[in-house]
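Inspection log for the structure reproduced underneath, given as structure tokens.
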Amino acid sequence: MPEGERYTHGYHQVIVEWHSRRTAETCAAFLLPRLRPDAEVLDIGCGSGTITAGLARRARRVAGLDMSAGVVEAARAHADDCGLSNISFEVGSVYELPWDDASFDVVYAHQVLQHLSEPVRALREARRVLRPGGLVAVRDSDYETMIHAPVFPAIERWRDLYHQVASANGGEADAGRYLLSWAMEAGFAGLEATASTTAHADWEGRTVWGQMWAVRVIDSDFADHAVGNGFATRSELEEISDAFSRWSAEPDGFWAWINGEAIGICPPD
């Protein structure tokens, strides 16, 4: 992370695997109708590069940026496996993008701003590397809207705990609802805000989501931050982990939340 900030999720293997399931079709659906085939695109916080690859299939050139060298190497390998030659990746900070002014037609960020203590600063940096008339497109979760059934009190406790940890790390767990405000403050014009839902209500969705969090809540940076800040004990995290495992096995298990989305235009200087 940029100096002085902490990434709440970390890079545990189950998290990397979860990120590798993301696609442009599901995560950038609000952008794709406005993505021109001749566009040059920057994907900040690109992770394992699966969304980046999807964007590269629809644009002339795409660059991905992430703070983790290991993740960037995995993204490069994924692009090679996909046979994509119009894609590149860099390691760097969202606050100091390693590109010149007016280098891109689109800057995209998925589930990034929620982890930053200065999201408006990051958006202003995105605006710097955009050409006049270019688009910023951002999407983030709103953890307060996360609902589940059957209801497990330990999972309700997890939602509160997640907010505590994210806040202590300088982030905003409910970033989705603030994207429009942040983009306005960063100076973007012609803003459009939308929302989409993510749901896990079939066997695969419940298993992947529930079992992933069963691991993350006891064996990831999130767990270390929760215990290190005195927000939870290891035994309480074990109870939450068990609740996720039991929820994932429920045949009528349902989970959903809202993602905020915003698209803005880079005005001329």
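The values are calculated or read from the model by the stated rules, or taken from the named source; none is laboratory data. Just so it is clear, the structure is predicted and the values come from calculations on it, not from any experiment. Note: ideal-geometry Cβ built from the backbone for every residue, glycine included; neighbour counts use all protein chains shown. Heads up: the accessible areas ignore ligands, DNA and RNA and are worked out on the full protein's heavy atoms, side chains in. Shrake-Rupley method; radii C 1.70, N 1.55, O 1.52, S 1.80 Å.
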| request: Restrict the check to region 192-201 and report whether at least one residue is part of a helix (DSSP H, G or I) and either at positive phi or of a type in the set (Gly, Ala, Ser) (or both). | output: no
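Filter region 102-122 down to residues that are charged (D, E, K, R) and touching a residue at least 24 places away in the same chain (Cβ under 8 Å) and give me whichever is farthest from residue 31 (Cα to Cα). Working first, answer last.
Initially, region 102-122 is screened for residues charged (D, E, K, R), giving 105, 118, 121.
Now restrict to residues that are touching a residue at least 24 places away in the same chain (Cβ under 8 Å): 105, 121.
Values: 105: 12, 121: 22 Å.
Applying the filter and picking the extreme gives 121.
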| note | Residue pairs qualifying under the 7 Å Cβ cut-off, at least six apart or on distinct chains, with the first in region 128-141 being farther than 14 Å from residue 45 by Cβ and the second being among the aromatic types (Phe, Trp, Tyr), are 129/99; 129/104; 130/104; 131/104; 134/104
| said: Please count how many residues of region 202-218 are part of a loop (DSSP other than H, G, I, E, B), without any contact (Cβ under 8 Å) to a residue 40 or more places away in the chain and aliphatic (A, V, I, L, M). | reply: 1
| Residues of region 219-237 being outside any loop (DSSP other than H, G, I, E, B), surrounded by 14 or more Cβ atoms within 10 Å (Cβ to Cβ) and at pLDDT 90 or above, which ones? | 222, 223, 225, 226, 227, 236, 237
| message | Please go through (1) surrounded by fewer than 16 Cβ atoms within 10 Å (Cβ to Cβ); (2) among the basic types (Lys, Arg); (3) at pLDDT below 95 for residue 216 and return the number of the only condition it doesn't satisfy. | response | (1)
| message | Being under 19 Å from residue 126 (Cβ atoms) and open to solvent by 50 Å² or more (accessible area, probe 1.4 Å) is the filter here; which residues of region 29-38 pass it? | response | 34, 36
| request: Run down 198, 194 and say which single residue is within 21 Å of residue 34 (Cβ to Cβ), in contact (Cβ under 8 Å) with a residue 12 or more places away in the chain and of a type in the set (Ser, Thr, Tyr). | output: 194
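Go through region 46-87 and report how many residues are touching a His at 6+ places or on another chain (Cβ under 7 Å) and not in a helix (DSSP H, G or I).
Of all residues in region 46-87, those touching a His at 6+ places or on another chain (Cβ under 7 Å) come to 47-51, 53.
Then drop every residue that is not not in a helix (DSSP H, G or I), which leaves 47-49.
The total comes to 3.
Right, residue 26: hydroxyl-bearing (Ser, Thr, Tyr), open to solvent by less than 10 Å² (accessible area, probe 1.4 Å) and within 26 Å of residue 188 (Cα to Cα) or not? Walk me through how you get there before you give the answer.
Values: hydroxyl-bearing (Ser, Thr, Tyr): yes; open to solvent by less than 10 Å² (accessible area, probe 1.4 Å): no; within 26 Å of residue 188 (Cα to Cα): yes.
So residue 26 does not fit the description; no.
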| task | Please work out which residue is modelled with the lowest pLDDT, limiting yourself to region 144-190 and to residues that are closer than 16 Å to residue 116 by Cβ and among the polar types (S, T, N, Q). | result | 169
| Among the residues of region 110-128, which ones are open to solvent by less than 60 Å² (accessible area, probe 1.4 Å) and part of a helix (DSSP H, G or I)? | 113, 114, 115, 119, 120, 122, 123, 125, 126
| message | Here are the criteria: (1) under 21 Å from residue 107 (Cα atoms); (2) surrounded by fewer than 20 Cβ atoms within 10 Å (Cβ to Cβ); (3) not hydroxyl-bearing (Ser, Thr, Tyr). Tell me which single one residue 203 does not satisfy. | response | (1)
| task | Those residues that are surrounded by 17 or more Cβ atoms within 10 Å (Cβ to Cβ) and either part of a loop (DSSP other than H, G, I, E, B) or more than 12 Å from the chain's Cα centre (by Cα) (or both), I need them from region 129-142; list them, please. | result | 129, 130, 134, 135, 136, 137
| request: Return the total of residues in region 148-158 being open to solvent by 40 Å² or more (accessible area, probe 1.4 Å), closer than 19 Å to residue 206 by Cβ and part of a helix (DSSP H, G or I). | output: 2
| task | Just name the residue that is farthest from residue 123 (Cα to Cα) out of those in region 39-67 that are without any contact (Cβ under 8 Å) to a residue 60 or more places away in the chain and open to solvent by 20 Å² or more (accessible area, probe 1.4 Å). | result | 57
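Only residues that are under 19 Å from residue 172 (Cα atoms) and open to solvent by 10 Å² or more (accessible area, probe 1.4 Å): list them for region 71-109, please.
First pass over region 71-109, keeping only residues under 19 Å from residue 172 (Cα atoms): 93-95, 108-109.
Within region 71-109, 93, 94, 95 meet the criteria.
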